[in-house]
Amino acid sequence: NIFIEMANVLGKLNRLSEAQKVIADARSLFRGTPSEVQIIVADSELQIKRNDFDSAIHMLSQVKTESPAYVHAQMVKANVFLMHRHDKRAYTQCYRDLVDFDPCASSHVHLGEALMRIQAPEAAVEAFKQALELNPQDMGLAAKIGRALVSTHDYQRAINYYKDALKSSPRSVDLLHDLAKLLIKLRKFDEAIRMLGPHAEAPNASSGLEDTTHSMQRIQSLLLLADVHEESHNAVA
């Protein structure tokens, strides 16, 4: 770790020859140990700084699936393909390989986010849905699906999705707020007011003090309600 951090600092200072010497010493010292892969990944990142992208991709491709550094190596390689090779297919393939390697919710989320990054929201929706099936309690994933649907500009489909998701998770204020923002965007002001109203009300005396999270959510609902009234007033004017 000390070798890697030293190389990173030298790289940031653009002292690339010195950084390469540190990495070379580390590769010699840790050859054959579990730490060698970390050094290889650090070396690949240094090659990226040197604009030697072919060497970086070659190094990262040598990291085996059994290595603890495999996931990080795939993500670094994916970024090289996208940012420096402008190869979207190879970029997404890195994340598809991660899903094949470990088909868990987080792998599907990484794939979905990668697809959103290259403006492929329809494919991203499917990836996020796979993640939600594996982790149905995570309403953050439901929100990602809704936002991806909005990106497709199929707004009615997005509205229907949000409403169905809220039926399953009526306490998910994040979903409610996302839906309200979409309704405001579509100038469906009355519907937005009906949805936000109950969530903007202060707790009654018998319910006691509200916690910080609920208080912040209620404030957000009030701010959105203010936006609705402002937009509706402007529409009338």
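Using DSSP to define loop residues, name the trypsin sites (Lys or Arg not before Pro) in the stretch 174-203 whose beta-carbon has at most 15 other beta-carbon atoms within 10 Å. Intermediate results must be reported in sequence, preceding the final value.
Values: sites: LYS181, LYS185, ARG187, LYS188, ARG194; in loops: ARG187, LYS188.
Sparse-neighbourhood loop trypsin sites (Lys or Arg not before Pro): ARG187.
Remark: the CYS104-SER168 segment gains 20.8 nm on full extension, using 0.36 nm per residue and subtracting the alpha carbon distance.
Counting only alpha carbon atoms, the long axis of helix 121-134 and the longest principal axis of the chain meet at about 90°.
Residues THR213, THR65, THR152, sorted by accessible area with the largest first, give THR213, THR65, THR152 [1.4 Å probe; ligands and nucleic acids excluded].
So what's the back-of-envelope 222 nm ellipticity for the chain, counting only DSSP H runs of four-plus at -39500 (n - 2.57) apiece and dividing by all residues, rounded to 500?
Mean residue ellipticity at 222 nm (helix-derived): -24500 deg cm²/dmol.
Normalised by the residues of the chain, what does the relative contact order come to in percent, with Cα pairs under 8 Å and at least six apart? If you can, show how the numbers build up before the last one.
Values: 235 pairs, mean separation 19.8, N = 237.
RCO, the chain: 8 percent.
For the stretch 78-207, the square roots a ≥ b ≥ c of the C-alpha gyration tensor eigenvalues yield an a/c of 1.5 or more together with a/b exceeding b/c, which makes the shape prolate.
At an R0 of 30 angstrom, the distance between the Cβ atoms of ASP227 and GLU133 translates into a FRET efficiency of 0.35. For the stretch 1-112, go through all pairs of different Cα atoms, get the mean of 1/r, take its inverse, and jot down that Kirkwood value in Å. That comes to 14.5 Å for the stretch 1-112.
A Förster distance of 25 Å, applied to the separation of the beta-carbon atoms of HIS86 and ASN51, puts the FRET efficiency at 0.95. What you get for the stretch 74-153, charging only the Cβ of Lys and Arg (+1) and of Asp and Glu (-1), is a dipole of about 320 debye around the Cα centre. Placing a pseudo-label 7 Å from each Cα along the Cα-to-Cβ vector at SER17 and LYS185 gives an inter-label distance of 5.3 nm.
Taking 0.36 nm per residue of separation and subtracting the Cα-Cα distance, full extension of the segment from THR152 to MET6 would add 48.1 nm.
Could you check how much of the accessible area of the chain is carbon and sulfur, as a whole percent, using a 1.4 Å probe? Using a 1.4 Å probe with all protein chains present, the chain comes out at 53 percent carbon and sulfur. With 18 Å as the limit on Cα-Cα distance, the pairs of LYS163/LYS188; LYS49/LYS88; LYS163/LYS185; LYS129/LYS185; LYS12/LYS49 that go past it are LYS49/LYS88; LYS129/LYS185. The C-alpha atoms of the chain define a longest principal axis, and helix 155-168 lies at about 80 degrees to it. For the pair the stretch 1-66 / the stretch 136-150, the C-alpha centres are spaced 37 Å from each other. Taking the longest Cα principal axis of the chain as reference, the axis of helix 212-236 is set at about 70 degrees. At an R0 of 25 angstrom, the distance between the Cβ atoms of PHE30 and SER61 translates into a FRET efficiency of 0.80.
The values are calculated or read from the model by the stated rules, or taken from the named source; none is laboratory data. Source: prediction; values computed, not measured. We place every Cβ from the backbone using ideal geometry, glycine too, and count neighbours over all the protein chains shown. What goes into the accessible areas is simple: the full protein's heavy atoms, side chains included, and nothing from ligands, DNA or RNA. Shrake-Rupley method; radii C 1.70, N 1.55, O 1.52, S 1.80 Å.
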